[in-house]
Amino acid sequence: MLILTKAVLAMMIGFIIAGIFAFFIIPFLKKFNFKQNISEYLDKEHQQKKGTPTMGGLIFIIPSLLAAGVLLLMGNIEFSFNLLIVLFVFLSYAILGFVDDYLKIKRKKNDGLLGRQKLIGQFLISSIFFYIFISSGNDPIVNIYTLGIKLDLGIFYYFFILLVLMGSSNAVNLTDGLDGLAGGLALIAFATFGMIAWSAFWVAGHQDIAIFAFVLVGALLGFLMFNTYPAKVFMGDTGSLTLGATLASIAIITSHELTLIVVAGVFVIVTLSVIIQIASIKLRNKRVFLMAPLHHHFEKLGWHENDIVKLFLSVGLLLSMLAITFSVWI
């Protein structure tokens with residue numbers, strides 16, 4: 001019962017701070033013209049969203065960091081190197097996404113950081129992650145519990161970290177195309193990994209990582225009050241890159257990287273739709289989908305935005321329930 005109480009309290013703290021913070025940050029973003037640029041390839045309904053404030057990821061990023069800081073100072077959560085890694089990834093990708101969004105707004109087009117600049121940033125973040133992870137006594141081992149396989153990657157574990165962080169952050173980024181979609185799926189995923197982290201008793205600071213995950217769940221709920229259709233603010237790369245990378249960091253630390261593929265199944269499917277579309281156009285000069293990512297394909301079929309979001313969230317919830325059942329219970 002104590003665990004449940006702590007989880008609920010953490011979510012409540014995140015929700016209240018994010019909800020209050022949103023009332024200040026949204027007018028600020030509007031005042032300084034931090035507005036979303038809409039791709040010309042999207043339909044008229046999306047074009048009507050032009051001018052909606054972006055960088056809304058700050059609504060759950062800053063409150064989550066504030067809540068974590070207060071909880072640490074009050075002794076409600078304890079410092080550990082694993083928690084440090086999660087907070088470091090959270091903050092680092094927030095900065096990376098913020099710079100990307102700022103450049104897009106400044107240039108008034110969807111061209112932010114260059115690909116190589118993003119890659120350099122992610123290499124640096126992964127390097128520090130790897131250093132802290134190994135220095136704190138963790139082993140560079142990938143555990144595939146289902147198959148009873150242990151892979152000691154040694155120095156190559158660094159590239160594994162880089163791959164998982166990049167893959168997860170870009171997957172959430174690609175999914176962030178409809179009001180409430182990426183935020184809703186991320187809320188489900190962090191709630192799932194909060195439960196998984198709490199049961200990962202072999203990980204130093206696992207309960208504290210779980211509490212932070214639940215704080216973020218609450219903050220995301222506060223954000224979704226303003227991001228569901230019709231959205232008053234978009235999370236931007238500031239939010240999407242942060243969510244994907246942080247989710248990946250918790251999965252790596254708790255040795256549930258394969259579980260991440262299931263929990264983030266919708267993100268994975270959306271990413272695959274983009275890869276398949278690009279490959280098909282280059283190899284066959286034909287489209288597989290009417291438009292990629294996948295959610296835009298459904299829009300072209302005539303589905304309303306709300307119906308697509310409901311479908312994707314339902315699938316995400318089912319996949320997360322399966323993951324919890326298998327990872328925590330069975």
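The values are calculated or read from the model by the stated rules, or taken from the named source; none is laboratory data. Owing to the predicted nature of the structure, the values given are computational and were not obtained by experimental measurement. Note: ideal-geometry Cβ built from the backbone for every residue, glycine included; neighbour counts use all protein chains shown.
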Of all residues in the range 62-75, count the ones that are of a type in the set (G, A, S), out of contact with any helix residue (DSSP H, G or I) (no Cβ under 8 Å at 6 or more places or on another chain) and in a helix (DSSP H, G or I).
-> 1
Taking the range 1-35 as the region of interest, how many residues are more than 22 Å from the chain's Cα centre (by Cα), closer than 15 Å to G51 by Cβ and not in a loop (DSSP other than H, G, I, E, B)?
-> 3
Any chance you could count how many residues in the range 281-325 are in a loop (DSSP other than H, G, I, E, B) and either closer than 22 Å to A191 by Cβ or out of contact with any Ser or Thr (no Cβ under 9 Å at 6 or more places or on another chain) (or both)?
-> 7
For I26, state whether it is hydrophobic (A, V, I, L, M, F, W, C), farther than 25 Å from A251 by Cα, surrounded by 17 or more Cβ atoms within 10 Å (Cβ to Cβ) and at pLDDT 95 or above.
-> yes
Answer yes if at least one residue in the range 91-110 is of a type outside the set (A, V, I, L, M), over 20 Å from D176 (Cα atoms), touching a residue at least 40 places away in the same chain (Cβ under 8 Å) and surrounded by fewer than 19 Cβ atoms within 10 Å (Cβ to Cβ), and no otherwise.
-> no
Some residue of the range 190-200 being in a loop (DSSP other than H, G, I, E, B), touching a helix residue (DSSP H, G or I) at 6+ places or on another chain (Cβ under 9 Å) and modelled with pLDDT under 95 = yes
Have a look at L241, L220 and point out the one that is buried (at least 24 other Cβ atoms within 10 Å of the Cβ), touching a residue at least 12 places away in the same chain (Cβ under 8 Å) and closer than 30 Å to I141 by Cα.
-> L241
Go through V233, V263 for me and flag whichever is crowded, with 24+ Cβ neighbours inside 10 Å and closer than 30 Å to I25 by Cα.
-> V233
With respect to D208, is the statement that it is more than 20 Å from Y93 (Cα to Cα) and modelled with pLDDT of 95 or more true?
-> yes
So which residues in the range 121-151 are of a type in the set (V, I, T) and surrounded by 12 or more Cβ atoms within 10 Å (Cβ to Cβ)?
-> I125, I128, I132, I134, I141, V142, I144
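Let's see how each residue does on (1) more than 10 Å from the chain's Cα centre (by Cα); (2) within 30 Å of M74 (Cβ to Cβ):
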position	(1), (2)
A171	no, no
L181	yes, no
A189	no, yes
M195	yes, yes
T242	no, yes
L247	no, yes
I252	yes, yes
Can you tell me which residues in the range 76-105 are more than 20 Å from A251 (Cβ to Cβ) and outside any loop (DSSP other than H, G, I, E, B)?
-> I95, F98, V99, D100, D101, Y102, L103, K104, I105
If you take the residues of the range 111-137 that are of a type in the set (A, V, I, L, M), without any contact (Cβ under 8 Å) to a residue 60 or more places away in the chain and in a helix (DSSP H, G or I), which of them is nearest to S169 (Cα to Cα)?
-> L119
Flagged in the range 198-225 as under 14 Å from I16 (Cβ atoms) and of a type in the set (G, A, S), in numbering order, are G218, A219, G222
